[in-house]
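Enquirer: Structure below; questions to follow.
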Amino acid sequence: MTRFKSAVCSLVLVLVAACEPSDVEHVDSSTPWFEDVADEAGVDFIHVRASTSRYWLPEIMSGGAAWLDYDNDGDPDLYLVQGGSLDSGDGPPPGNRLYRNNDGRFEDVTDASGTGHTGYGMGAAAGDYDCDGDIDIYVTNVGANVLYRNEGDGTFNDVSVSQGVDHPGWGASAVWLDFDLDGDLDLFVTNYVDWSPAQELECFSGGAERDYCHPRHFNAPAADVLYRNDGNRFTDVTETAGIWKARGNGLGVVSGDFNVDGWPDLYVANDGMPNQLWINGGDGTFEDRALITGTAVNLNGTAEAGMGIAVADLENDGDPDLFVTHLRGETNTLYLNEGGFFEDVTATTGLAAASVALTGFGTGFADFDNDGYLDLYVGNGRVGRRPPAATPFSEPNQLFRGLGGTRFELVAPGGGTTTQLIDNTRAVAFADYDLDGGVDAIVVNNGGQARLLHNVVGATQGWLALEVLETNGCEAIGARIAVVVGDRIQWRTISRASSYLTSNSGVMHVGLRDTTINDVIVHWADGTQTSYGPLQGRATYSLRRGFDATPIDKSETSVNTLSQ
């Protein structure tokens, strides 16, 4: 039925309205959805592209972020990844920053925590790899990557070498997942280009000015890396798992059970090369089935400039769909999952024309207005100069309101803010940082100031937030959640990774039209199920396997201090 509906909508545009649900409640698009409160909240991070630009490729790709409650006080803290200079002669590098969240205001605790890594940073992935109840941080770099173990006392320890995860390549996005279902988190890291300063090339813009080269000019796609968590140390299983069989210019990565067989798979967005869908064989091996499942290239058979990825079950039919951002001149692409095989439905979604003139990076699905339908945020920014222009790499970000299923409409003002933000955006990561029920966003801009986008519409409607844990207290990464409200089911998957170079909050949010939830069913990674309903809306619950649902008091008593 879905495939037939998609065909009708694409062939007869006048029937598009008939393909949309008729009972959608909207927030007036003239009302801003977000306000930038970075200054008021104390997030003073400025990403440094380079003190003296050499137009080396890494300069234009950097800028990551991670939300994590590192101090276990109930609200998400913020880790931001810095670029700097790739030439030691340019002086001391600026270093990454950790901000502690104090009821909606942020304090720089980088020095005290020991997390101010000064390598040339790309992205970050948060996860409790040692399952001690404290969230750890993995940082990808141009050069050796870094694993910070959270010691539970406000400090972190660099255990990269002892844990065997200090890969020396050009790391981009990373994802924590339990690919072997043994109860601890493994690690997958995308690598972009086999690059060094000695390999740099001179490239020029259309205005004959120095510019950044396209990765295809280097002809040096890199191999991604898969690490298995063996308890005391990680083992590089890239070769034995079969990941070594395909190289690419890897940028974004997500994990999900894309064929719904109970085993977590991996999807990698490659810049200018076919994407990879690594299907988990359940025996420690993976097979790239992107081509046969329809996720390697777009509808026209063309490989696109894959950057960021968002994953969600848009039709709430139990299998995850994929959205990938691309370079200007290409549309962003939405792949609809039809039982493990995918259809490029971009042309019928309302997302195509709006994206063709922009370069998308960070992205994510969330129900920002809490109306029961997933919305979409896309962060944009060029990688090549736009002469003549005072800001040659800046572009406007975009917010799309979900109309139900795979239909979206562009929200104005652009990007959901009163004054359109025109920046060179890379990472966009999502969390309800002030615990008011609205999903907020941190936006990292390459060579510019970070934006903290506070959601001003979500708290006005119903919502539910869930922390989902295994029996031992570890995050239940990969668990699938069915939230039943009335006659509707909303599906979610517990995962921090999506977007570009980022890690989202580990708390799962669901928008509601009603405040009573009939049931919440957790489908655990081992195939068992637990029912936790009914629950009340406008609350945060901890769902731990083997225990009853427990309200988390801080979410119920917290106030939005920035709006008072």
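The values are calculated or read from the model by the stated rules, or taken from the named source; none is laboratory data. From a predicted model like this one, the values you see are computed outputs, not experimental measurements. Cβ: placed from backbone, ideal geometry, glycine included. Neighbour counts: every protein chain shown. Keep in mind that these areas ignore ligands, DNA and RNA; they rest on the heavy atoms of the full protein, side chains included. Shrake-Rupley method; radii C 1.70, N 1.55, O 1.52, S 1.80 Å.
Enquirer: Through the Karplus equation 6.51 cos²θ - 1.76 cosθ + 1.60, θ set to phi - 60°, convert the phi angles of the stretch 367-375 into ³J(HN,Hα) values in whole Hz; use x for Gly and Pro.
Expert: Couplings: 8, 5, 9, 6, 9, x, 10, 6, 9 Hz.
Enquirer: Tell me the net charge near G537. Cut-off is 10 Å between Cβ atoms, G537 excluded, with +1 for each Lys or Arg and -1 for each Asp or Glu.
Expert: Values: positive: R513, R538; negative: D514.
Counting the neighbours of G537, the net charge comes to +1.
Enquirer: Report the charge-dipole magnitude of the stretch 372-512 in Debye, nearest 20, computed about the Cα centre from +1 at each Lys and Arg Cβ and -1 at each Asp and Glu Cβ.
Expert: Using only the charged Cβ atoms, the result is roughly 600 debye.
Enquirer: Now, a different point. Sort 528-535, 108-115 for me by packing, meaning the mean count of neighbouring Cβ atoms within 10 Å per residue, highest on top.
Expert: Descending packing order for the listed peptides: 108-115, 528-535.
Enquirer: Add +1 for every Lys or Arg and -1 for every Asp or Glu among the other residues with Cβ under 13 Å from the Cβ of W56, and state the total.
Expert: -3
Enquirer: Could you tell me the distance between the Cα centroids of the stretch 338-377 and the stretch 202-240, to the nearest Å?
Expert: Going from one Cα centre to the other spans 26 Å.
Enquirer: Okay, next question. With a/c under 1.5 counting as rounded, go ahead and sort the stretch 447-509 into rounded, prolate or oblate using the C-alpha gyration tensor (a ≥ b ≥ c being the square roots of the eigenvalues; past the cut-off, prolate if a/b is larger than b/c, else oblate). Could the numbers behind the result be given before it?
Expert: On the way: a/c = 2.27, a/b = 1.24, b/c = 1.83.
Oblate, because a/c is 1.5 or more while a/b does not exceed b/c.
Enquirer: Kindly write out, for the stretch 463-471 in residue order, the coupling ³J(HN,Hα) from the Karplus curve 6.51 cos²θ - 1.76 cosθ + 1.60 (θ = phi - 60°), rounded to whole Hz, with x marking Gly and Pro.
Expert: 7, 9, 10, 10, 9, 10, 10, 6, 4
Enquirer: Quote the charge dipole size of the stretch 324-432 about the Cα centre in Debye, to the nearest 20; the model charges only the Cβ of Lys and Arg (+1) and of Asp and Glu (-1).
Expert: On the way: 7 positive and 12 negative charges, 128 e Å.
Result for the stretch 324-432 is approximately 620 debye, rounded to the nearest 20.
Enquirer: Sequence-distant or interchain residues sharing an amide H contact under 5 Å with E395, placed H: which?
Expert: Those qualifying (amide H under 5 Å, at least 5 residues apart or on another chain) are R382, D423, N424, T425.
Enquirer: Would you grab the residues whose amide H sits under 5 Å from the one on D313? Only those 5+ places off in sequence or on another chain, please, with H modelled 1.01 Å from N.
Expert: Amide H neighbours of D313, under 5 Å, 5+ apart: D321.
Enquirer: With a 1.4 Å probe and every protein chain left in place, work out the accessible area per residue of the stretch 67-201 in Å², rounded to a whole number.
Expert: 32 Å²
Enquirer: Work out from phi, with θ = phi - 60° and the Karplus expression 6.51 cos²θ - 1.76 cosθ + 1.60, the ³J(HN,Hα) of each residue of the stretch 486-493, listed in order in whole Hz, and give x for Gly and Pro.
Expert: Per-residue couplings from phi come out as x, 9, 10, 10, 10, 9, 9, 10 Hz.
Enquirer: Please give me the summed charge of the neighbours of L376: other residues whose Cβ is under 13 Å from its Cβ, Lys and Arg +1, Asp and Glu -1. Write out the running numbers ahead of the final one.
Expert: Values: positive: R401, R407; negative: D321, D367, D369, D375, E409.
Computed value for this residue: -3.
Enquirer: Right, another one. For the chain, which whole-number percentage of the solvent-accessible area (1.4 Å probe, protein heavy atoms only) is attributable to carbon and sulfur atoms?
Expert: So the carbon and sulfur contribution to the accessible surface is 50 percent.
Enquirer: Let me ask something additional. Taking mean projected area of the Cα convex hull in nm² straight from the coordinates, which label in (i) 23.4; (ii) 30.4; (iii) 41.4 is the correct one?
Expert: The calculated read-out lines up with (i).
Enquirer: Further, regarding this structure: Only four residue types carry charge here, +1 at the Cβ of Lys and Arg and -1 at the Cβ of Asp and Glu. Report the dipole size of the chain about the Cα centre in Debye, rounded to the nearest 20.
Expert: The calculation lands at about 1760 debye.
Enquirer: Starting from the amide H of D211, placed 1.01 Å from N in the peptide plane, find each other amide H under 5 Å away whose residue is 5 or more places distant or on another chain.
Expert: C203, F204, S205
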